[in-house]
Amino acid sequence: MRVRRFVGDSVSETMGKVKRELGSEAVILQTREFRDGSFLGFFGKKKVEITAAIEEEPVAAQKTSASNYGYVEATKPIVTNHVPEQKEQKEQKEQKEQKEQIEQKEQTEDLQIQIKSMHLLLEQMNKHMEVLGDEKGVWPLVLQKWADHLQNRGISENLVKRLISHVQQTLSPEEWNDNSQVYARIEANVRQICGQIGLIQPGIDKPRIVALIGPTGVGKTTTIGKLAAGFSIVDKRKVALITADTYRVAAVEQLKTFGEIIGVPVEVVMTPAGLNEALHIHADKELIFIDTAGRSPHHDVHMSELRAFLDEAKPDFTMLVMSATTQSADQHRIYQRFQDLTSHLIFTKLDETGSAGAILNFLSQTTLPTAYVTNGQNVPDDIEAATPYRLARYVIGEEMPNE
């Protein structure tokens, strides 16, 4: 086993040295980055060190003829009168040759055992490195900073692998150092995942009914106020608000205040039958927004009550409101409980998180369209119609990763 250490300015350069010196069968034992000529790890030039090894061919058992050990076989018999002395010398020579043959055989066997042991050890090391690669993702150093950046944004490990692999496959190694090109490739891939978009369109012959559903604390009431203000004040549409959230007095008062400010009627209903009556009263409107009570996805009774209201309303849009601050696992559990009631998605509180990657994790597992995103408390300003571009910018951020 021959082990060598190679140093270069980049991974590709150093790997080239490994292949030239040891060939394509070389096994990589260790890769690390360091600064050459640095003081306490600072200011020096970045270098890449790769430790590699190659198996050498087992030492073949050498020929046992006397000529292989430096003895010259006489071409003609030597005539001598000392026959007993010649016989003794011949026996000593044969004994020496036999001894050397035994030693050579033992050395060869020992070497083969060592090579076999080293081979097994290298196999175990390589398997361990493969496992680490499957678990964490092993990338060239210039791309590892991007993988770390995406993980810090909250993007799942599987999606990070997908995004960085796309960069590897579509850009040359020289282009990996161009942050703008890498960012553009990642952004394009994220936009593709976030491509399902669906916005509210007002009704023509009858009102378009929009219900907002979701767990407690995600900002449904504030969001419905923003939507109502935008359509009534900006788009000059005829809008009505209905709240079925009688569990929280503050939510009812908040919506009434919104209605008074923007000049939109607000109805408070206690039962599905009351909801049906309110819908008939405002049949002349173009849009009717229904605010529902926050429901725990773990509470079967609450979910049954919500379903009863929606069965009565028969909304054209049922929008599941999800907070961007919610962890991916919790988002998935919430979605599973509300999935059969949901037609569209709204993501809120994007201004409250620096790791909006959970949105991407969620959207990669559903075909439901995203309608709107909110990024603050101001009504009606802090709400945006969802687009793949805006979603991608929220997910990966607009700043390059640190070196």
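Laboratory data are not the source of any read-out in this text; all were calculated from the coordinates shown. Everything numeric here is computed off the predicted structure, so don't read it as measured data. Note that each Cβ is placed from the backbone with ideal geometry, even for glycine, and that neighbours are counted across all protein chains shown.
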Potential lengthening between Gln86 and Ala273 on full extension [0.36 nm per residue; Cα-Cα distance subtracted]: 54.8 nm
Relative packing of 308-320, 256-268, which averages over residues the other C-beta atoms within 10 Å, highest first: 308-320, 256-268
Förster-model FRET efficiency, 56 Å R0, Ser165 and Lys93, C-beta, rounded to 0.05: 0.25
Tyr335, Tyr394 arranged by Cβ crowding within 10 Å, fewest neighbours leading: Tyr335, Tyr394
Relative contact order for the stretch 140-192, counting Cα pairs under 8 Å that sit 6 or more residues apart, in percent: 32 percent
Fewest-first ranking of His282, His344, His332, using other Cβ atoms within 10 Å as the exposure measure: His332, His282, His344
Cβ crowding within 10 Å averaged over residues, with 86-97, 219-230, 19-30 ranked highest first: 219-230, 19-30, 86-97
Theoretical gain in end-to-end length, Lys206 to Val249 [0.36 nm per residue, Cα-Cα removed]: 12.4 nm
Rg/Rh (Cα only; Kirkwood hydrodynamic radius) as it applies to the stretch 142-193: 0.92
Gained length - Ala385 relative to Gln101, 0.36 nm times residue gap less alpha-carbon distance: 93.7 nm
Prolate/oblate/rounded label for the stretch 258-344 (Cα gyration tensor, a/c 1.5): prolate
Whole-Hz couplings from phi, Karplus 6.51/-1.76/1.60, listed for the stretch 265-271; x for Gly and Pro: x, 10, 10, 10, 10, 10, 9
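Over 24 Å between Cα atoms, which of Lys236/Lys256; Lys206/Lys349; Lys45/Lys161; Lys19/Lys105 qualify?
Pairs exceeding 24 Å: Lys206/Lys349; Lys45/Lys161; Lys19/Lys105.
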Two-decimal log10 I(q)/I(0) for the stretch 208-386, as the Debye equation yields it once each C-alpha is a single scatterer, q = 0.08, 0.13, 0.20 Å⁻¹: -0.22, -0.60, -1.47
DSSP beta bridge pairing in the stretch 208-386, given as percent antiparallel to the nearest 5: 10 percent
Cα shape, the stretch 356-403, gyration tensor, a/c 1.5 rule: oblate
